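Coordinate-derived values only; no laboratory data. As the structure is a prediction and not an experimental result, all values here were calculated from the model. All Cβ positions, even for glycine, are placed from backbone atoms using ideal geometry, and neighbour counts span all protein chains on display.
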């Protein structure tokens, strides 16, 4: 009788041990899953982006800062990862830049002013040939901008640049010359933010 009780206790211990192992393994798996979810300045950055029939992967992300203030999180998505800003700007493949607004300091006027400055820097102040396209692009940002808004600026092959605000398509602009200058705002020789550029390039 004693031997049976001892065997039962032994079996129970084994069962408990297995449960502990399973629980431990599940905890490890959950931890790795959480760690795989990139978070930048409090914003959960998706590892993949599927939009307009394009499937893209996160290349890198960072924060746009000004006067020690975090303004937005910028994420770059590509068909495959690249650390070459020139190749990314020159490419005619699909690509997207996602902007998560994290500051109430950003207004429509300030965003449009930043866009003007960005195109000036990206083109070496040669914006005249792109003026009509730049004006149209700025029109996508005329509505009130609030903290929590999400913009997606996507290059779609055979269509051009397509802009979304909070999931709503605002419009599109054709021309590879415009795409190259636009992506140059963040990835060019005089980017909006050096650290943000490095983050987008995965550096």
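Label positions at residue 195 and residue 84, each projected 7 Å from the Cα along the C-beta direction, are separated by 2.9 nm.
What FRET efficiency do you get for residue 131 and residue 39 if R0 is 30 Å and r is their Cβ-Cβ distance, rounded to the nearest 0.05? Show your work: numbers first, answer last.
Details: r = 39 Å, r/R0 = 1.29.
My answer for the efficiency is 0.20.
For residue 174 and residue 113, FRET efficiency with R0 = 30 Å and r from the beta-carbon atoms, rounded to 0.05?
0.75
For segment 39-200, list log₁₀ I(q)/I(0) at each q in 0.10, 0.17, 0.20 Å⁻¹, using the Debye formula over Cα point scatterers of equal strength and ignoring solvent, two decimals each. Ignoring solvent entirely, the Cα scatterers give -0.31, -1.01, -1.54.
Which stretch or stretches of segment 163-203 have amide N atoms under 16 Å from the point lying 7 Å from residue 103's Cα along the Cα→Cβ direction? Counting only backbone N, you get 192-197.
The residues 40, 168, when put in order of fewest to most other Cβ atoms within 10 Å, stand as 168, 40. Fewest-first ordering of 186, 68 by other beta carbons within 10 Å of each residue's beta carbon gives 68, 186. Dividing the Cα radius of gyration of segment 109-149 by its Kirkwood radius returns 1.02 for Rg/Rh. The Rg/Rh ratio of segment 138-203, with both radii computed over alpha carbons and Rh defined as the Kirkwood radius, is 0.99.
Remark: 87, 149 ranked as 87, 149, counting other beta-carbon atoms within 10 Å and listing the fewest first. If you model segment 87-130 as an ellipsoid using its alpha carbon gyration tensor, with each semi-axis the square root of five times an eigenvalue, the axes come out at 23, 18, 7 Å, biggest first. Distance between the modelled labels on residue 142 and residue 65, one decimal in nanometres: 3.5 nm (7 Å Cα→Cβ projection).
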